[in-house]
Amino acid sequence: HKLPTGIPVRRIWLGLVVTDGSGAEVVRLGGIDAEGRLVGADGAVLPSELAGGPIVGHLDRVTEDDVQVWEGVLADGDGRPTWLLMRAEGWAKDDRLLPSGFEPRSAEGARVLPVGTGGDADFGPGADTVHVDLDLAGASGPFEVRATVWFQPLSARWAAELEASGTPEALALGAMVRSVGNAPEVVATASVNVP
């Protein structure tokens, strides 16, 4: 199975926190607000988290303004992103992580190939390397770099698109999600010290 697996309302992303020699936070990528929406370095909700906003393409390289999100985004018959399952005819994006041993030349492999990862030479079975370019001018090391892979079972964007439909059921689901929160779970974390 790909990660995240199952219905395409789930997503994972790379969070990154860099602290300086005094322990002060210098950079944060992949942060969220109280509603579980991804925010930029300035703390503002990313446009890709809002109903009608752009989707986040697959990224091989990120800066302070980017977040690598692995997810499946459905496409309608015209190739436009859709969050309505019954309108889906394919994928606008599918960069979910492939399982180790995935064989694209197999009959099943050809049917479930990734979508939108063509420019990323190191995206493949069992792995994806994300290159990070940060401007740490003015900060003094040594630095601690802490990377976290986060899992969200209900993408904040998917919830926003559903609620924007305005149906009583969608509005009720939105109210339920807000009442319990939409905090992500940690999949894995690693840290390294950089002089």
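Go ahead and set up a Gaussian network model of the chain, Cα springs under 10 Å, then flag whichever of ALA137, ALA147, ALA75 fluctuates most.
Largest GNM mean-square fluctuation: ALA137.
Could you work out how far apart the two model spin labels at SER100 and ASP42 are, taking each label as a point 7 Å from the Cα in the direction of the beta carbon, and quote it in nm?
Between SER100 and ASP42, the simple spin-label model gives 4.3 nm.
Where Lys and Arg each count +1 and Asp and Glu each count -1, what net charge lies around LEU38 among other residues with Cβ under 14 Å from its Cβ?
Around LEU38, the charge tally is -4.
Between LEU113 and ALA183, what is the label-point separation in nm under the 7 Å Cα-to-beta-carbon projection?
4.2 nm
Just to be sure I understand: with springs between alpha-carbon atoms less than 10 Å apart, which residue in VAL39, VAL132, VAL67 has the highest mean-square fluctuation in the Gaussian network model of the chain?
Result: VAL132 has the largest fluctuation of those listed.
Taking the Cβ of HIS58 as the centre, find all other residues whose Cβ is under 14 Å away and add up their charges (Lys, Arg: +1; Asp, Glu: -1).
Net local charge, HIS58 excluded: -3.
Only helical DSSP H runs with n ≥ 4 go in: add -39500 (n - 2.57) per run for the chain, normalise by residue count and round the 222 nm mean residue ellipticity to 500 deg cm²/dmol.
Calculated from helices alone, the mean residue ellipticity at 222 nm is -4000 deg cm²/dmol.
How many nm separate the modelled label positions at ASP133 and LEU171, each set 7 Å beyond the Cα in the direction of the Cβ?
4.6 nm
Would you give the gap between the C-alpha center of segment 159-175 and the C-alpha center of segment 2-38, rounded to a whole Å?
25 Å
For the chain, take the longest principal axis of its alpha carbons; what is the angle in degrees between that and the long axis of helix 168-180, to the nearest 10 within 0 to 90?
30 degrees
Relative contact order for segment 11-190: what percent, with Cα pairs under 8 Å and sequence separation of 6 or more?
About 27 percent, as a whole number.
If you wrap a convex hull around the alpha carbons of segment 136-195, what volume per residue comes out, as a whole number of Å³? Walk me through the numbers before you get to the answer.
Working: hull volume 6.9 nm³, N = 60.
It comes to 115 Å³ per residue, whole-number rounded.
Assuming a viscosity of 0.890 mPa s and a temperature of 25 °C, what translational diffusion coefficient in µm² per second does Stokes-Einstein assign to segment 80-174, Rh being the Kirkwood radius over Cα pairs?
142 µm²/s
Given a cut-off of 24 Å, what percent of all Cα-Cα pairs of segment 1-96 lie beyond it?
That fraction is 27 percent.
What net charge do the residues around GLU103 carry, taking every other residue with its C-beta under 14 Å from that of GLU103, with Lys and Arg at +1 and Asp and Glu at -1?
Once positives and negatives cancel, what remains is +2.
Would you please report the Å³ per residue occupied by the convex hull of the alpha carbon atoms in the chain?
So the per-residue hull volume is 133 Å³.
Where a number appears in this text, it was derived from the coordinates with a stated rule and is not lab data. Since we're looking at a predicted model, the values are computed, not measured. So basically every Cβ, Gly included, is an ideal-geometry build from the backbone, and we count neighbours across all protein chains shown.
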